[in-house]
Structure formats: C-alpha cells, structure tokens
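In what follows, a structure is listed as structure tokens, so that the remarks can point back to it.
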Amino acid sequence: MSTPRSNVVVMKFGGTSVEDATAILRTVGIVTGRLRKGLNPVVVVSAMSKVTDALLACAAAAHAGRGDREPALDISSRLRVRHIETAARLSSGERLTTLHRSIDEHFDSLDELLRGIAAVGELTVRTSDLIVSFGERLSSLIIAAAFAEQGTESAHVDARGIIRTDSHYGKAAPDETEIERALATKVLPLVQAGVIPVMGGFIGSSPNGETTTLGRGGSDYTAALVGGGLHAGAIEIWTDVNGIMTTDPRICPDALRVKTISFEEAAELAYFGAKVLHPATILPAVQKNIPVWVLNSRNPENEGTKITATPQSCASPFKSIAAKKKLTIIDIVASRMLLAHGFLKSVFDVFDKHKCAIDMVSTSEVSISVTVDSKEALPAICEELGRIADVKYESNKALICLVGEDIRGHSGIAAQVFGAISHVNIRMISQGASEINMSFMINEEDVDEAIRSLHNKFFAAPDASIFDVEARATLAR
Ligand code: ADP
Ligand code: ASP
Ligand code: MG
C-alpha cells in the first residue's frame, strides 16, 4: 500500500513575486489560499527583484573604488530606502518599529563591510557571499512580518541555520543529511504547530558557520532541498510566467506553456539555460518522488507546469528549446601525437582540477573541442593545457538545446533542425548521451533568430495534450 502524500507544500517565490509590497501581498494571498485548503505551507523567498545584482554591484564598486567608498554606499542607501518603504507598506505599529530597526541594523553592517572592502582593496568570494546574503535575509524578514500583519501566524527562519553546505563559496554544495536534521528540529515543529515558516532561499552556512550561497538562481535549489528534507507532498516554484514554456517568452512571445514535462527533460532544460529553474533543483525532489510545479504568481489560477517522474508521450519531438549564452569554446589540438591513449584523461583532469564544468565535447582524430561557461579559470586552464597541446579559445558563443523524450522516436530530426536554421553558422553539434537533447553551438548574436526559426518550425501545430494550445487561440482572437 502506498503511503499518503504529506500535506507539507514548499512554496518558493522568486524575485519578481516579491518585488514590491503589491507583489508580496499577492504572495501572502497565494500561501494563505493553500493553508485554507488544509495544506501546510513552508515559504522560501528570493531577494526582492534586482537586489542580488545591486548587492554585487555594491561590492564591486567598493572594491574598484580605491578607497572611494561613496559609490558603493550610495547603492546601499538606495537599497535601504527600498526595503524600509516596502516594510512600511506591509507592517504597522510595534511590528513595524521592530522590523525597521532590524532593517537598519542589517544595512549598518552591510555598510561596515563595504567600508572594509574599500579600505583594504580586497574582495574575496567569501565576502561576496556574505554581501549578497543580505538580499534574502531582508526579504524573508519583511515577508514573515507581512504574514503576521495579515493575521496569519508565521515565523522567520534564518536559512543559514538550515541549509548546511561545504565551504565552496559562490557555489556551495549542500549537506543533505545535516539539512534534514536541521529541518526536523527547527522547521517541522513550526509546521506541526500550524505556523508558516518563512526563510530566504539561496543562502546557507559552511561547517564553520560562515555564510555561503548555492550559486545564482539558487533559491529554487533551497526549495528542493527543503522539500526533499521534509518529505513534502509537493514543491511549488512561483515565478512570473505561466510555467515552463516551449522557449523563453522574452525571446519568443508566442511560446506556449508546457503542461507536463518529465524530471529528466526539465533538468536538461535548466542545465542548458532555461532560467525558469535552477539546474540542481530537480534532483532532491526526484530522489524522493516529490512532484514539482512551476506556477505564475501574477496568474495563480493558471495550472502551470507539472514536472513528473515519468514522461508522457507527445506527438511533437521536442518539449522546449533553451539557450545558454556567455560560453567559450576551447579547441585543444594534440601537438606531439595523435590522440594517444590517456590524452583525453589528461585534458579532462585539467578541467577537473580547476572545478570547471564542461557543457559539450566533440573530438576528432587529433583534436578535442569543449565548451565551458566559466571565464575565471580559463587562463590557468589554457596555460596547463598548453603543456600537452596547442590551445585556442573563442568567447561569446551560445548553446542552443532542444529537449524532448520523443526525439528518439522521430527519424530525420537533425535534418529538420538544421534545415530550419540553414542561414546560421554552426560551430559544434552534439546529440545528448541521454538521448533527450540535441544541442549545438552558435555565435551569441544569432541566438534570438535561431530560437524563433526553430520555434516556428517545431511548435506551429503543437500536441494539445502536452501544450497549452488554448492560450495561443485566445491570443489570436
Ligand atoms: P524568478 O525570479 O521567479 O526566479 P527567473 O527570472 O529566474 O524568475 O526565471 C523566470 C524567467 O525565466 C521568465 O521570466 C522567462 O523569461 C525565463 N525563461 C527562460 N526560459 C524559459 C522557459 N523555457 N520557460 C519559462 N520561462 C523561461
Ligand atoms: N537572489 C538570488 C539570485 O538572484 C537567488 C534567486 O533568486 O534564486 O540569483
Ligand atoms: Mg530564478
């Protein structure tokens, strides 16, 4: 007999879903709606929209200022005003006084840090993590207070006491056993008492208690870790579009909502650039067979996208098209011999040593081409590779990735894909080992046009059981 699903639902709200007081009130309404249905929400929030970028800009300005700390303090003071004004629209009386004091204390310590960076002229990844953490720490405080003000019992939970990670600042790896333990002692009792825990996404702490982050877009990952650790009945990722779409709607406004997509397809899309989900989100949920939904906080009635364990068969070969920009192609030509035994291993060891992930690989008899998205380690990697091969690299490349479980069932797909973009210069091609993606590299400036041409070709007559065709019909009317 299967065990009934837990009533716990982890609800994550992205930056645009908490961008201002109006959006936060919408968020509070969505969560209390779940509560009324008898569910037990656990809320994970991002920083208010654009705050993470502004905090990184603050840190960069303090670092670049050579003693001049004013530009950094200027950005911080504008952020302080934005947070205090938002808090004032959402809280009142004693609650607002306490919140206001706490926001001021946070910004006072941020300013202290910025002055330190400007004085010393040094900015480490560790300090950068501490600085960006203010975004989620502040938004979660303001939102927890907004729940209370609206009459819903809530408790602010410092995510750093829950999301225990290693010390790899900038992109820390979570320790799921420690997280599960912390959730059991600090979050579960709140849920059982009918209180809504509100915590920031993205941030965590290292074994020695220092602040870490899970990498950009990491709040989705927090939601999945919390959902996995609590054995939640569902994880909901609330964003600013109707769900996972057939491509980025900012590039292609007639993109359609995908009604259901498999974990494997969604993971592939996220990894290859669909910003709607953080690449690592899916794993903790898959392992525990927890359904994940992507929903629109501006249109909560919409059904969104359900990410399911098993794929549903579809008449179209692809479910969605993603693009990942800012990539570099490295061509490695074996200088002294043809690709001798062990050569590939020595090449990959260099990337491994620098913790640099490779997105795509293609090989010929004497050369290997790989693509990477990190620029920082590039000079060191190329120098090391230069000892065993001739190395060249080209930046400003982009990867286009078409994803679908049904690629394998369609013959002649590659001809159709490349036929649709015959005017675009293609640099590397790969058909994924997982058999559910087909990817190729092009120049960054060709991305929008390539995506539109491919979308026109493959989503002109979509399968209504998988794609929200009614929305397109409404648009056309
Ligand atoms: P949040 O702040 O909620 O985390 P993000 O900005 O990280 O939101 O992700 C949502 C954005 O992802 C959308 O506004 C959309 O432009 C972009 N996006 C890219 N690819 C897709 C896709 N396939 N489906 C939906 N959205 C996509
Ligand atoms: N605020 C962080 C970012 O902008 C994390 C997130 O929103 O997911 O990357
Ligand atoms: Mg995001």
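The values are calculated or read from the model by the stated rules, or taken from the named source; none is laboratory data. Owing to the predicted nature of the structure, the values given are computational and were not obtained by experimental measurement. Positions of Cβ are backbone-derived with ideal geometry, glycine not excepted, and every protein chain shown enters the neighbour counts. Ligands, DNA and RNA are stripped out before the accessible areas are found, and what is left, the full protein with its side chains, is counted by its heavy atoms. Shrake-Rupley method; radii C 1.70, N 1.55, O 1.52, S 1.80 Å.
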Inset, instruction - Taking the residues in the stretch 318-339 that are touching a strand residue (DSSP E or B) at 6+ places or on another chain (Cβ under 9 Å) and open to solvent by 50 Å² or more (accessible area, probe 1.4 Å) as candidates, determine which candidate is modelled with the lowest pLDDT. - result: LEU339
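Restricting attention to the stretch 385-440, which residues are hydroxyl-bearing (Ser, Thr, Tyr) and either more than 17 Å from LEU454 (Cβ to Cβ) or open to solvent by 50 Å² or more (accessible area, probe 1.4 Å) (or both)?
Within the stretch 385-440, TYR393, SER395, SER411, SER422, SER434 qualify.
How many of the residues in the stretch 419-435 are part of a loop (DSSP other than H, G, I, E, B), farther than 14 Å from THR371 by Cβ and at pLDDT 90 or above?
Of the residues in the stretch 419-435, the ones part of a loop (DSSP other than H, G, I, E, B) are 421-427, 432-435.
Then keep just the ones that are farther than 14 Å from THR371 by Cβ; that gives 421-425, 433-435.
Filter once more, so that each one left must be at pLDDT 90 or above: 421-425.
Counting residues in the stretch 419-435 that are part of a loop (DSSP other than H, G, I, E, B), farther than 14 Å from THR371 by Cβ and at pLDDT 90 or above gives 5.
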Inset, instruction - Assess whether VAL28 counts as being among the aliphatic types (A, V, I, L, M), within 16 Å of ligand 3 (Cβ to nearest atom), closer than 20 Å to VAL226 by Cα and modelled with pLDDT of 95 or more. - result: no
Legend entry - Test for VAL51: is it under 22 Å from THR281 (Cβ atoms) and either within 16 Å of ligand 3 (Cβ to nearest atom) or out of contact with any Ser or Thr (no Cβ under 7 Å at 6 or more places or on another chain) (or both): yes
Legend entry - In the stretch 340-365, the residues that are of a type in the set (Lys, Arg) and surrounded by 12 or more Cβ atoms within 10 Å (Cβ to Cβ): LYS353
Inset, instruction - Residue by residue through the stretch 281-296, note down the ones that are over 17 Å from the mean Cα position of the chain (by Cα) and part of a loop (DSSP other than H, G, I, E, B). - result: LYS288, ASN289, ILE290, PRO291
Inset, instruction - Report, by residue number, each residue of the stretch 235-255 that is more than 10 Å from ligand 1 (Cβ to nearest atom) and touching a residue at least 24 places away in the same chain (Cβ under 8 Å). - result: ILE235, GLU236, ASP254
